[in-house]
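Here the structure is laid out as structure tokens; the discussion comes afterwards.
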Amino acid sequence: MSEPNPTQQFARKYQGIEGFYLITGNGELGFIRPADLKPVEEAFPQLGDADFLHEHPRFQDDVDRFRGELVRFIETYRARPDLPIELGYVDPAGNPERSWRSASLVIYNYVREIYRHDDKARYDAGKLDHFGIGEHDDTWNAVRGIHRGLEDLFAHHSEEGFHRFFPVLYYHRGDGPADRQSGDELGLATTTAYHDDQLPRREEGLRVLNLFWNHIDDETRPGRWTFPFANADTEAQVFRTLRDNLYRRGVINPDLRVEKRFDFS
């Protein structure tokens, strides 16, 4: 029997990430194919569909622009650890303290606050049953199985109906030796105002990033939310297509969206 290749070893270490999107340090987007655990680039099969292109004549240009933005996105993330682009991190599978065998998603407190903020707004608007908020903080546990956690991030939306997150996985290899020596001076080993439970950026590991970060305007503004604002750009055709591709591959199930789990009426 042949030895597993590095990608297979990676997939087994982080069991449950198969099919979800990963981004490389070069800004390339792809996923680990569940059937054989091989890395596959997101090729947008819709580009070969004449009917789809007829309906969306700007799609090729949108994809080209999107791929360019991915490069800037990952460069921004690596250069600006103060920006809340990172949603959480992934613990390897096999943790005896967990009740599931897959890898675990650990989400940051500021993401949980976004959940609670949006749940309250939906409750106030009469769109959410009262069992979905209040004392039921366990609904948004900080730690959960990777599949459930990523699906929740994909499904979550604001009271206005806009998705807040488009999570992608990124393997952060840690900062260089010079940064590790001066990490305290640079603030890399300390928490920030937004990530009071952030995994220090000097530590190597699998992170969860948010592609919906408003990377057209990278500056944070005092007194305003620092997560992506609900706007039409977050539901652009490229993101809708990426989401549809996840459904088609069976990675996430739209029938199990968060709002359905809250419907006790």
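Bear in mind that the values in this text are calculations on the coordinates, not laboratory data. Just so we're clear, the structure is a prediction, and the values are computed from it rather than from any experiment. Don't worry about glycine lacking a Cβ; one is built from the backbone with ideal geometry, like all the others, and counts go over all protein chains shown.
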Self-check item: Burial order of peptide ranges 26-37, 101-112 (average beta-carbon count within 10 Å, highest first)
Solution: 101-112, 26-37
Quiz prompt | Per-residue HN-Hα couplings for the range 31-46 [Karplus 6.51, -1.76, 1.60; θ = phi - 60°; Hz; x = Gly/Pro] | solution = 7, 8, 5, x, 5, 9, 6, 9, x, 10, 7, 6, 9, 6, x, 4
Quiz item: ³J(HN,Hα) across the range 62-78 via Karplus (A = 6.51, B = -1.76, C = 1.60, θ = phi - 60°), whole Hz, x for Gly/Pro?
Solution: 5, 5, 4, 5, 4, 5, x, 5, 4, 5, 5, 4, 6, 5, 5, 4, 6
Exercise. Could you work out how far apart the two model spin labels at L53 and A236 are, taking each label as a point 7 Å from the Cα in the direction of the beta carbon, and quote it in nm?
Key: 2.0
Exercise. Pop a pseudo-label 7 angstrom from the Cα along the beta-carbon direction at both S99 and E41 and give the gap in nm to one decimal.
Key: 4.3
Self-check item: Residue-span extension gain [E160 to E28] - 0.36 nm each, minus C-alpha spacing
Solution: 44.4 nm
Exercise. For F166, list long-range residues whose amide hydrogen, built 1.01 Å from N in the peptide plane, is under 5 Å from its own amide hydrogen.
Key: L211, F212
Quiz item: Which far-off residues, 5 or more places away or on another chain, put their amide H under 5 Å from the one on Y14, with H placed in the peptide plane?
Solution: A93
Quiz prompt | trypsin sites (Lys or Arg not before Pro) restricted to the range 1-93 and DSSP loop, no more than 16 other C-beta within 10 Å | solution = R58
